[in-house]
Amino acid sequence: MEKKIKCDHCHLEFDESVMISEDEGGKRLYFCCKGCQGVYHLLKAEGLDTFYDKVGETKLQPAATSTEDLSRFDTEGFKKKYVREKEGFYEVSLIIEGIHCSACVWLNEKVLHKKEGIIEASINFTNHKAKVVWDPEVLKLSDIITTIRSIGYNAFPYDAKVQEERINKTRRDYYARLLVGVFATMNIMWIAIAQYVGYFTGMRADYKNVLNVAEFVLATPTLFYTGWIYFKGAWYGLKNRHINMDFLIATGASLAYLYSIYAMVTGEGEVYFDSVVMIITFIFIGKYLEVLSKKKAVDTLDTITGALPTEVIVIENGEKLLKRVEEVQEGDLIEVTPGDKVVIDGEIVSGEGSFDESSLTGESRPVLKKAGDAIVSGSVCLDSVVRYKALKSFENSMLSTIVTLLEESVTKKPKIEKLANQISGYFSLTILLIALATFLWWYFAKGSFEHALIVAISVIVIACPCALGLATPVATLVGIGEGAKRGILFKEASFLETMAKSDVLLLDKTGTVTEGKPVVVEYHEVASYDPAILYTLVASSKHPVSRGVKAWLEARFETITPVELTDIKNIEARGIRALYEGREIAGGGLKLLEEMGIESDIPQDRSVFVYLENGEPKAWFYLRDNPKEGAKEAIAEIKKMGLEVVMLTGDMAPVAEQIASETGIDKVFSGLFPQDKAAIVDRYHEAGHIVIMAGDGINDALALSKSDIAIAMGSGADISVQVSDVVLIDDKITSLRDAIRLSKATYRNIKQNLLLSLTYNALTVPLAAAGYVIPLVAALSMSLSSLLVVANAVRIKRVFKRT
């Protein structure tokens with residue numbers, strides 16, 4: 001047989017006769033192809049040969065040469081779809097194929113940084129997504145792709161739809177595997193009952209053989225189809241010189257399976273196919289839920305950009321033209337009408353109106369903007385036609401800046417290791433060593449391979465993996481289930497643990513602590529009027545204050561019939577006006593009163609709506625954004641659980657402090673923009689705190705993404721829900737309290753389960769190694785340990801009953 005030789009670049013082995021060989025400084029080098037030979041000398045010439053020290057013996061993809069025409073990367077259509085222009089430089093997001101480890105990331109970044117014209121190159125190892133910024137005057141994108149391919153990797157443009165497709169494919173694959181496991185488990189349990197009864201009461205050999213074959217048929221697809229991920233995980237663990245839980249699961253299940261085949265064929269001993277199926281399926285359920293709840297590794301910003309207008313009205317030479325937002329330049333004159341969302345930052349040139357900035361600042365009241373005032377992207381024009389001059393490009397506007405920062409912060413989100421995994425790394429190796437030592441001792445002591453194998457399998461089966469492997473998943477599944485019943489959705493099981501360890505809770509004001517909807521708190525009737533007229537007037541407006549008055553009227557009057565108004569007009573940034581049977585009716589706020597010469601001493605921290613007929617006030621409505629029901633009690637209980645509660649808001653200080661006083665919050669930061677909120681999260685991290693952030697708007701998304709646990713209110717913006725770790729479906733602040741309480745109870749239960757499982761193993765493994773436990777009893781013992789863990793985990797349900 002011809003000798004196998006490793007390629008000095010990709011480390012794959014081939015027959016020596018097909019290898020390309022050469023001498024270098026007295027050392028014989030071998031390459032499997034010209035591509036690997038070229039990459040090796042390229043790295044050597046560039047001083048990057050330390051790559052081979054970093055990559056170790058990891059096998060790489062051979063550096064195949066490509067004849068593909070790369071000119072498509074330089075076309076105008078490709079540029080419009082994938083390339084962003086910033087300050088004269090181009091930026092693109094690429095997916096790098098062929099990355100196996102951190103050394104691959106290091107190599108690609110080094111090679112790209114050495115390429116003249118590349119300003120920035122950073123690669124995320126978890127999703128292989130690269131951000132590359134280059135000078136188009138120096139090199140083309142096709143040159144960058146060629147550089148990446150020259151060192152044995154491939155690159156293609158990042159497409160969110162493709163990434164989403166891949167995630168859905170993975171989920172479908174896991175679901176199919178789960179169905180096989182569950183089907184096998186449900187059926188094999190009935191067969192196992194017959195087997196156990198037959199073991200103790202006696203059973204004819206032919207009946208037993210039929211049952212053994214039936215169990216074999218059910219166990220085989222479960223082990224090799226459902227359990228394939230454990231074999232795969234074990235393989236990657238071994239490649240990285242790490243004995244993980246996957247290896248222990250695969251080893252225990254495989255040995256039990258092989259021994260069961262032996263027992264089935266020879267008729268000696270008992271089969272343990274049921275243990276194989278239950279081991280694989282129970283653990284796989286946790287894996288499947290992990291995949292379902294895992295945060296998407298796709299670009300979470302697509303939801304925002306998808307909801308934004310792609311075109312705006314630009315005024316050129318007195319004519320209105322539709323332009324793509326990417327084509328708008330600084331200095332262009334843009335027109336927005338009522339209901340339009342601003343997508344480019346600018347300064348108002350003509351007109352004035354109210355703008356809803358709640359998605360950016362959290363300010364619950366609309367803000368009056370007039371000529372000379374700045375408007376920012378993300379705000380919504382409520383009641384007038386306004387023209388403004390673009391001060392920035394679309395890429396550099398406020399919303400795009402938040403998008404960019406959010407994308408970067410999502411990739412830097414801290415990952416908390418589970419306590420179970422910290423223990424299992426040592427536990428798994430220890431069990432395997434004990435099993436091996438047990439096998440060797442019994443083999444040499446008794447001289448029986450069969451007996452030694454049975455005892456070794458008993459050691460592995462009795463320890464792996466239920467007691468330790470289920471200690472965390474079962475408790476978290478119960479916790480997640482209890483949370484779901486109360487409208488609390490945890491996207492990953494591990495978030496329960498992280499939340500339990502947290503010591504700071506940051507709360508957005510609008511929509512989190514408060515309702516986010518102005519309501520009438522005071523009403524003064526100056527003179528009699530027909531409520532139907534007022535109802536019809538406010539119903540014609542989408543202004544939040546008008547909606548608050550409309551809701552109040554609907555609650556006060558059981559039946560109210562709208563009348564017919566004519567000449568309904570929005571009074572820019574002031575209110576609404578209409579005609580009814582020759583009378584002029586109007587409704588609005590402080591600006592309207594000033595314009596009509598009506599004096600008022602209403603404080604600035606209150607919203608007011610006045611209804612007038614022919615210039616005479618008929619009724620006054622005072623509105624405010626009230627704290628949510630149960631907010632004060634919930635915050636007091638959260639404090640008792642050991643968390644510091646802080647409120648963050650873009651609202652004015654008087655409003656924020658009043659809400660904080662009413663809800664029992666001691667610390668308040670007001671007048672904040674999204675970046676300010678994120679900076680406060682960073683400040684707490686620097687002080688060593690574990691931070692929970694709860695919010696509901698785009699303005700909270702950046703801070704949410706930087707926090708250890710991000711909680712989104714169910715009524716919030718899509719982006720805040722996407723970057724969050726926990727979603728409160730019912731939008732109640734009491735659910736936030738329940739989520740924290742549940743997480744602490746679950747984490748406490750996890751620690752109890754781990755202690756229980758380790759104590760169990762400390763008692764049973766020595767007994768199995770001593771030969772006092774046969775595999776059958778080991779399997780029953782393993783099941784008993786699982787029942788103890790499950791029974792303890794069920795106690796989590798009592799956390800809400802006790803309170």
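Laboratory data are not the source of any read-out in this text; all were calculated from the coordinates shown. In this text the structure is predicted, and so the values were computed from the model without any measurement. Cβ atoms come from the backbone with ideal geometry, glycine included; neighbour counts cover every protein chain shown.
Based on the Cβ-Cβ distance from Tyr262 to Thr430, what FRET efficiency comes out when R0 is 22 Å, to the nearest 0.05? Here the calculated transfer efficiency is 0.25. From the Cα gyration tensor of region 480-567, with a ≥ b ≥ c the square roots of its eigenvalues, which class applies: rounded if a/c is under 1.5, or else prolate if a/b is larger than b/c, or else oblate? Here region 480-567 falls in the prolate category. Is there a pair in Lys640/Lys677; Lys550/Lys797; Lys389/Lys591; Lys323/Lys542; Lys110/Lys677; Lys79/Lys169 whose C-alpha atoms are over 32 Å apart, and which pairs would that be? As for pairs spanning more than 32 Å Cα to Cα, those are Lys550/Lys797; Lys110/Lys677. At full extension, Glu629 and Thr337 could sit 101.5 nm farther apart than now, given 0.36 nm per residue minus the alpha carbon distance.
Need one word for region 512-666: rounded, prolate or oblate. Basis is the Cα gyration tensor (sqrt eigenvalues a ≥ b ≥ c); a/c below 1.5 gives rounded, then a/b vs b/c decides. Prolate, since a/c reaches 1.5 and a/b exceeds b/c.
What the Cβ-Cβ distance of Lys797 and Leu758 gives, at R0 = 30 Å and to the nearest 0.05, is a FRET efficiency of 0.80.
Suppose the chain between Thr146 and Lys389 were pulled fully straight at 0.36 nm per residue; how much longer would it get relative to their current alpha carbon spacing?
Details: separation 243, 0.36 × 243 = 87.48 nm, distance 4.17 nm.
That pair, Thr146 and Lys389, stretches by 83.3 nm at full extension.
I'd like the FRET efficiency for Ser17 and Lys232, computed as 1/(1 + (r/R0)^6) with the beta carbon distance as r and R0 of 45 Å, rounded to 0.05. Before the final figure, lay out the partial values.
Details: r = 33 Å, r/R0 = 0.73.
According to the calculation, E is roughly 0.85.
Residue separation of Arg28 and Gln658 scaled by 0.36 nm, minus their Cα-Cα distance, works out to 218.9 nm of gained length.
Backbone N atoms of region 68-99 closer than 12 Å to the 7 Å Cα→Cβ label point of Arg324 belong to residues 76-85. Distances between placed amide hydrogens fall under 5 Å for Ile119 paired with Val133, Trp134, Asp135, all partners being 5 or more residues away or on another chain.
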